[in-house]
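The values are calculated or read from the model by the stated rules, or taken from the named source; none is laboratory data. None of these values were measured; they are calculated from a predicted model. Cβ sites come from the backbone with ideal geometry, for glycine too, and all protein chains shown count toward neighbours.
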Amino acid sequence: MELQIENERNNNQNLEVTKENQNEFLGTTLGKTINSAINVGIRYLLPNAIENQIIEIKDTIIKEGFKEGINKTVESAIDVGKSAMGILTGKFDNVSQMQTAVEEGGLIDTLSDCIDFGLKVAKQSGLLPKDVEGIIKSGKDIIVSNIQSNIETTLTTQLKGIEKLNQYIEDWNKYYKEQNFHKMELEYDKIQTKIKELVPIEETFEKARTVQNLHKLIKSKGIKFELSNEEIELAKKLN
């Protein structure tokens, strides 16, 4: 186990935050949560700033500060493991990995450094006047608190959503064994809706995709439940 963690740490230390995976991050649930929280914080601190200036400051903090934050997270957290890659992609193997990525020892602990580094780059690029930098720095705790609160709310919502998705999958399997396609269809629709709202958790999403594949297969066969072992195994593999 210790060797596995050490190998993952070594792999993560070679992670490069590229423009592509940075953009990918900003499109994830975590990225959107942080983006929104920083935007609200800057608007609060700079009520008279024009829209374009707010957007530029926010984008610089996220794009430049985020890279620094990932590096700090990987360096400082002994057991981050694959969680660091999850921060980049928004995809995690399990719920525990997602929690490790953002909670104590993870991204939340580096938020202050992210903002400091983003402000430094913005100042060096001439985007940020000294007085504006001072206002944001002095109010940094407001932004950090807002981000942390939003992340914790998002995590709570995601965890509840994963629980519901697992329940829908369990119920679908129950009705599948009973060959009750009407109730299977109701659970399938719930799964389809819920999966769009969640951070991809591979363990749960693999089960959900198997259900989706089996459901489509049964429906395509005219609601026939007689499936071969090969068909069932293929449904499991098409993930």
Response to the item:
Scanning the range 160-201 for residues that are in contact with a strand residue (DSSP E or B) (Cβ under 7 Å, 6 or more places away or on another chain) and part of a helix (DSSP H, G or I) gives 162
Discussion item. Tell me whether the range 66-78 contains one or more residues that are surrounded by fewer than 17 Cβ atoms within 10 Å (Cβ to Cβ), farther than 20 Å from residue 30 by Cα and at pLDDT 75 or above.
Written reply: no
Worksheet item: If you take the residues in the range 219-237 that are under 20 Å from residue 189 (Cβ atoms) and free of Cβ contacts under 8 Å to residues at least 40 places away in the same chain, which one is surrounded by the fewest Cβ atoms within 10 Å (Cβ to Cβ)?
Response: 222
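To keep it simple, each residue is scored yes or no on (1) crowded, with 16+ Cβ neighbours inside 10 Å; (2) assigned by TED's automatic domain parsing to the domain that holds residue 55; (3) part of a helix (DSSP H, G or I).
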position: 128; (1), (2), (3): yes, yes, no
position: 133; (1), (2), (3): yes, yes, yes
position: 136; (1), (2), (3): yes, yes, yes
position: 141; (1), (2), (3): no, yes, yes
position: 147; (1), (2), (3): yes, yes, yes
position: 153; (1), (2), (3): no, yes, yes
Worksheet item: Looking only at residues in the range 1-52 that are among the polar types (S, T, N, Q) and surrounded by 16 or more Cβ atoms within 10 Å (Cβ to Cβ), which one is modelled with the lowest pLDDT?
Response: 12
Worksheet entry | Number of the exception - residue 201 against (1) of a type in the set (A, V, I, L, M, F, W, C); (2) crowded, with 19+ Cβ neighbours inside 10 Å; (3) more than 16 Å from residue 99 (Cβ to Cβ) | (3)
